[in-house]
Amino acid sequence: AEDIAALAPSCYEDNDSLSYQSHTKVMQVNANIDEVWSTYKSISPTEDNQNKVRFGLLFSPDPNELSYSADSYDGIKEGQIVFWNLKFVMGLVKVPVGQKIMEVNDEEKFIKICYLAQGKSHGTQYIQLYPEEGGKTKIVHYTRYKSASKFRDKRLYPMFHSKAITEFHEDVIHKVMEKKEGEEKNDENLSSK
């Protein structure tokens, strides 16, 4: 745990913006922003471990411990370090990724995640939620990234990154909608009594 705690993040730097690439994914869910935010904060990294992105382990600085897939999950918190195993092309391409949770902002419904300095990619991912008309929520996942390979940054990263984050957000949306449907059924049962 001490070795992992010492790992440094490598975040996007405004003063070097020309060397970073950018990627944006926008999605929408037919649910209230507070419900969606609550799900982002509480969804376990092992929620669907059959996906392209598979949970490796989690380091939590408070109480300074490591968690694995079988352990309980207490929600996303600043300072956590998460390791993922990304599998693409039917498992032929495997990419380990480490990230540090830099900010979880309840007021602005905002999460900031940086890559670890020891990895191939450097930069920051931002997840921001916005309320929309009709009780809907817009999800914006904005990434600034770079590596030592321009080919990787221009050709490989956008494709694999898009697949990975789409899968993650679809898992969150699915969980939000399941919860919403369950609550609606409960309301129907109560009103019919």
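Condition (residue is more than 23 Å from Glu13 (Cα to Cα) and of a type outside the set (Gly, Ala, Ser)) applied to segment 106-118: is it met by at least one residue? Yes, there is a match, as at least one residue in segment 106-118 is more than 23 Å from Glu13 (Cα to Cα) and of a type outside the set (Gly, Ala, Ser). Cβ-Cβ distances below 9 Å connect the following pairs, each with a first residue in segment 25-49 that is farther than 14 Å from Ile127 by Cβ and touching a residue at least 40 places away in the same chain (Cβ under 8 Å), a second residue that is open to solvent by 20 Å² or more (accessible area, probe 1.4 Å) and small (Gly, Ala, Ser), and a separation of six or more residues or different chains: Asn30/Gly134; Asn30/Gly135; Ala31/Gly135; Asn32/Gly135.
One residue stands out in segment 12-27 among those that are closer than 16 Å to Gln128 by Cβ and of a type outside the set (Gly, Ala, Ser): the one that is farthest from the chain's Cα centre (by Cα), namely Tyr12.
The values are calculated or read from the model by the stated rules, or taken from the named source; none is laboratory data. This structure is a prediction, so every number in the text was calculated from the model and none was measured. All Cβ positions, even for glycine, are placed from backbone atoms using ideal geometry, and neighbour counts span all protein chains on display. The accessibility values were calculated without ligands, DNA or RNA, using every heavy atom of the protein model including side chains. Shrake-Rupley method; radii C 1.70, N 1.55, O 1.52, S 1.80 Å.
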